[in-house]
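The values are calculated or read from the model by the stated rules, or taken from the named source; none is laboratory data. Just so you know, these numbers come straight off a predicted model, no measurement behind them. Cβ placement follows ideal geometry from the backbone for every residue including glycine, while neighbour counts extend to all protein chains displayed. Accessible surface is based on the protein model in full, side chains and every heavy atom, while ligands, DNA and RNA are left aside. Shrake-Rupley method; radii C 1.70, N 1.55, O 1.52, S 1.80 Å.
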Amino acid sequence: MKRVILSILITLFFTVQVYGMDKNENSFIRVLIGDRRPALNDLKKMKKVSAKTIIDGSTYSGEIEIWKGSEGYFLINVVQLEDYVKGVVASEVGIDWPEEALKAQAVLARTYAVAHIIRNRTKNFYDVTSSVFHQVYREDEEKEEVKKAVNDTKGQILTYQGEPVMAFYHACSVGQTEDPQEVFGRQYPYLKPVKVPSTPSPYTFWEKKISFNTLKSVLSMGKISDVKILNYTSTGRVKEIEFSDGKNKKLIKATELRRLLHWTALPSTMIKSIRVEEDGVVFEGSGYGHGVGMCQWCAFQMAQEGKNYKEILQYFYPGTEIITINENN
């Protein structure tokens with residue numbers, strides 16, 4: 001009964017809340033292209049285009065809305081939810097991955113989208129961005145493997161006690177996944193650190209050098225002369241780091257340092273060592289991403305070993321249930 005009620009409520013929410021769509025209103029999502037998020041108090045919609053549009057080399061179908069504000073112009077792609085999921089799956093994982101790993105990613109991408117539609121639509125002019133701030137979304141050439149995985153899981157979302165879960169996922173963990181308290185500041189009953197298999201991920205080991213100028217900019221310090229790892233999370237990731245420029249010391253959370261470095265410069269907080277060299281600071285570590293929820297490369301390996309997508313999702317999100325929404329659309 002709870003599954004039926006949830007499906008009805010989500011469908012009704014979509015139907016009455018979508019911004020002016022003429023039909024199939026319960027199956028659209030509003031995607032802000034890029035990661036530059038505007039102030040909302042002075043935005044005005046300038047134009048709507050219903051045609052395929054090329055933005056930064058990527059092609060988007062559906063409608064493109066052009067909004068203008070004091071900070072410039074912003075583009076919103078209004079697209080069918082299932083087409084959006086295809087774009088996310090193709091952007092987030094390898095299209096030649098095992099079918100069950102693609103299906104697991106499709107369910108999570110759809111769940112993530114639904115949760116943000118419910119959270120954002122009444123107070124914002126977009127539901128998600130197309131960047132790593134939410135989920136990477138590009139609608140380029142459609143791949144049959146992705147299309148099949150999305151179609152085979154059409155409408156399926158992951159729920160806990162009747163609500164869409166916070167479908168956090170990341171590229172790669174080594175050893176075990178992370179406690180969400182360490183990254184997002186809160187606990188979720190269905191998100192606990194779990195041990196993960198060895199994978200062929202290119203992020204099993206990495207080394208990154210960050211220049212003194214970059215660190216000076218993000219830390220507001222002089223040339224770094226010493227770096228110390230102060231403590232670790234329960235899963236072995238670095239929690240806090242102390243930087244010194246010879247005169248001043250600064251303590252910073254490793255998760256905050258990743259954010260200041262725009263995430264990719266420091267792939268994860270599973271840092272094994274840090275050393276200062278003549279032209280910068282060298283970090284050595286493992287994994288990629290925040291470490292919470294499904295490890296995409298682990299899903300790849302589990303699918304290779306014969307696990308299906310439901311088993312993969314249940315492993316990373318224990319106690320959850322898959323339901324199907326919008327069954328008549």
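Data overview
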{"quantity": "Sequence-distant aspartates and glutamates (8 or more away, or on other chains) whose Cα lies within less than 16 Å of LYS310", "calculated": "GLU99, GLU100, ASP152, GLU321"}
{"quantity": "Long-range amide H partners of LEU191 with built H, under 5 Å", "calculated": "none"}
{"quantity": "Extension reserve of the VAL136-TRP263 stretch, reckoned as 0.36 nm per residue once the Cα distance is removed", "calculated": "44.4 nm"}
{"quantity": "Solvent exposure of the stretch 118-193 as accessible area per residue, Å², 1.4 Å probe", "calculated": "45 Å²"}
{"quantity": "Two-site label geometry, SER217 and ILE229: point separation in nm, points 7 Å out along Cα→Cβ", "calculated": "2.7 nm"}
{"quantity": "Mean Cβ neighbour count within 10 Å, used as a protection proxy, ranking 88-100, 289-301 highest first", "calculated": "289-301, 88-100"}
{"quantity": "Furthest towards positive pole of dipole, ALA254, ASN326, GLN314, structure part the stretch 237-329, Cβ charges", "calculated": "ALA254"}
{"quantity": "Residue-wise HN-Hα coupling along the stretch 118-129, computed from phi with Karplus coefficients 6.51, -1.76, 1.60 (Hz; x: Gly, Pro)", "calculated": "4, 6, 9, 5, 7, 10, 9, 9, 9, 9, 9, 9"}
{"quantity": "ILE54-GLU144 FRET efficiency (beta carbon distance; Förster radius 25 Å; 0.05 resolution)", "calculated": "0.65"}
{"quantity": "For the chain, cysteines whose Cβ has no other cysteine Cβ within reach (under 4.7 Å)", "calculated": "CYS172"}
{"quantity": "Rounded accessible area of ILE252 (nearest 10 Å², 1.4 Å probe)", "calculated": "10 Å²"}
{"quantity": "The chain - percent relative contact order, Cα under 8 Å, separation 6 or more", "calculated": "19 percent"}
{"quantity": "Solvent-accessible heavy-atom area per residue, rounded to whole Å², over the stretch 234-282 at 1.4 Å", "calculated": "51 Å²"}
{"quantity": "Calculated log₁₀ intensity ratio I(q)/I(0) where the Debye formula runs over C-alpha points of the chain, q = 0.15 Å⁻¹", "calculated": "-1.27"}
{"quantity": "Pairs beyond 32 Å (Cα-Cα), from LYS86/LYS123; LYS148/LYS209; LYS52/LYS154; LYS147/LYS272; LYS68/LYS250; LYS148/LYS253", "calculated": "LYS148/LYS209; LYS147/LYS272; LYS68/LYS250; LYS148/LYS253"}
{"quantity": "Surface share of carbon and sulfur [accessible, 1.4 angstrom probe, percent] for the chain", "calculated": "48 percent"}
{"quantity": "Per-pair calculated FRET efficiency, R0 = 41 Å: LYS47 and ASN308 via Cβ, rounded to 0.05", "calculated": "0.35"}
